[in-house]
Amino acid sequence: MKRDEVACEVRAPKHNLASGIGHPECDIMNEETITSFAASLRGPLIRRGDAQYDEVRKLYNGMIDKQPMLIARCADVADIIAAVDFGRDNALAIAIRGGGHSGPGLGSVDDGLMIDLSMMKGVHVDPADATVRVEPGCTSGDVDHATHAFGLAVPFGIVSTTGVGGLTLGGGTGYLTRQHGLTIDNLIAADVILADGTFKTASQTENPDLLWALRGGGGNFGVVTSFVFRAHPVKNVFAGPIFWDAARHGATVMRAYRDFLPNAPEALGSFVGLKTVPSMEPFPREHWGKRACAVISCFNGPEAEGKAVMAKLIDALPEPLFNWMATMPFPAIQGLFDPFFPKGLQWYWKGDFVNEFTDEAIEAHIAHAANAPSELSLMHLYPIDGAVHRVGKDETPWAARDARWSMVIAAIDANPQMAGSLTRWGRDYWEAVHQFNPGGAYVNFMMDDEGEARVRASYGDNYQRLVAMKGKFDPANLFHINQNIRPSG
């Protein structure tokens, strides 16, 4: 394709190849070029006008509606290479979709090329050395299913539908974080397609600078075609939620949690949240719709030990609305929230790292959570202490190694007419509590309206090294549909 023909396509961004709208002299060349691209793929290439286009392009966050020109549903690594080359050579904006869980919808792009990896879902567990090789379309639930058979688990998030790729490249926090670190702390190798279409393996012995960048630097450096993780012994756990009435006891519970957790065994992963008791079974009908303060925990050990640990928190607190902690397989607690958060809900979220959770901050949280616009809207405070603090600030891009929690405020509802109310509440709540927190946040808890200053603050002193890595591996910023780190110049 000649450069003026590429420009012709770029100038007609909403052009539908099936509609006849656009530049006729470009249509023939584009049809030939795209047909040739489709023939080079083992997976399907979906265009506007195709029967499955609207279904395939749907995003996890229903508040965001993007219309890519083309969707390459990759079946293997060769497809990914072909897609990267095609997008680059034809001056198309490229978005990478793995598990498809991105809050700001960064897995898609208007009028460009979506490289969809969601069909690549292989998981290979090596129980002898406790490692797991994971393809980029997997969710954490896919991996949990495979590893659980061997009594192993990788530290991922708290929702089993979360995509492994986006979670990992941003950092990764969850129930096993205090004991075994962030997801990136357990990433030991990755295969990557760079912007020039070349294949690289990143490990401690091969392209270690690329591995460093991938361990928290987001999707800025290439398309990961497989991840290799270190896994840990996890089988059955003592886990589940405990809910208290927020209006009566929320501040008391949050203060007690704040003081309890730093001294609790690292085998306990436990976060505190401000939520609403869902008006549905199996929740007790008499509590439906009540504002609640919840402590949701997972103890990686025997029930008796878990009960003894939790008693140090619970025995000092008022009677909860309900306590559903019990022994369960680890994948069960990982999937606890899945029924409440199906694909297509309206989402607006904002985050912060939290160093000190003061009484004043707690009061602000209680006040703003009380005005939540929907039952699904929430605030969660995830611990990032323990094993996280034993990794140096410069060992990975994740610079918040001295923070104690990662906060997310998520405004959520099924009704598209609620989008404005959700966004306003999320922003107002965040503005009220941000004054108590440092400048950065977990990049996976950012929408696409944060700005470069927030991204810089999140990486701290590691930002300039990330800029240098971007210049080395993606100097033209081909991969920019992300929380972008621009190459210098």
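The values are calculated or read from the model by the stated rules, or taken from the named source; none is laboratory data. Worth saying up front: this structure is predicted, and the values here are computed from it rather than measured. Heads up, the Cβs are rebuilt from the backbone with ideal geometry, glycines too, and the neighbour counts pull from every protein chain shown. Just the protein is used for accessible areas: all its heavy atoms, side chains included, with ligands, DNA and RNA removed. Shrake-Rupley method; radii C 1.70, N 1.55, O 1.52, S 1.80 Å.
Could you check, for the stretch 247-263, whether at least one of its residues is in contact with a strand residue (DSSP E or B) (Cβ under 9 Å, 6 or more places away or on another chain) and farther than 20 Å from P318 by Cα? Within the stretch 247-263, one or more residues are in contact with a strand residue (DSSP E or B) (Cβ under 9 Å, 6 or more places away or on another chain) and farther than 20 Å from P318 by Cα. The set of residues in the stretch 108-143 that are closer than 18 Å to G43 by Cα, without any contact (Cβ under 8 Å) to a residue 60 or more places away in the chain and among the hydrophobic types (A, V, I, L, M, F, W, C) comprises L113, M114, C138. Restricting N300, N263 to those that are among the polar types (S, T, N, Q) and open to solvent by 60 Å² or more (accessible area, probe 1.4 Å) reduces the list to N263.
Exactly one residue out of Y429, Y442 is farther than 26 Å from P208 by Cβ and touching a helix residue (DSSP H, G or I) at 6+ places or on another chain (Cβ under 8 Å), and it is Y429. The single condition from (1) open to solvent by less than 60 Å² (accessible area, probe 1.4 Å); (2) touching a Pro at 6+ places or on another chain (Cβ under 8 Å) that A326 fails is (2). Entry remark, the stretch 385-424: residues being among the hydroxyl-bearing types (S, T, Y), outside any helix (DSSP H, G or I) and surrounded by fewer than 19 Cβ atoms within 10 Å (Cβ to Cβ) number 0 in total. Answer with yes or no whether I80 is open to solvent by less than 20 Å² (accessible area, probe 1.4 Å) and either part of a helix (DSSP H, G or I) or touching a residue at least 40 places away in the same chain (Cβ under 8 Å) (or both). Spelling it out, I80 is indeed open to solvent by less than 20 Å² (accessible area, probe 1.4 Å) and either part of a helix (DSSP H, G or I) or touching a residue at least 40 places away in the same chain (Cβ under 8 Å) (or both).
Among the candidates R258, R230, R291, R285, the residue that is open to solvent by 10 Å² or more (accessible area, probe 1.4 Å) and within 22 Å of the chain's Cα centre (by Cα) is uniquely R230.
Among the conditions (1) crowded, with 24+ Cβ neighbours inside 10 Å; (2) in a loop (DSSP other than H, G, I, E, B); (3) in contact with a Lys or Arg (Cβ under 9 Å, 6 or more places away or on another chain); (4) of a type outside the set (D, E), S118 misses just one, which is (1). In the stretch 297-316 there is no residue matching the filter, namely being charged (D, E, K, R), within 28 Å of the chain's Cα centre (by Cα) and at negative phi.
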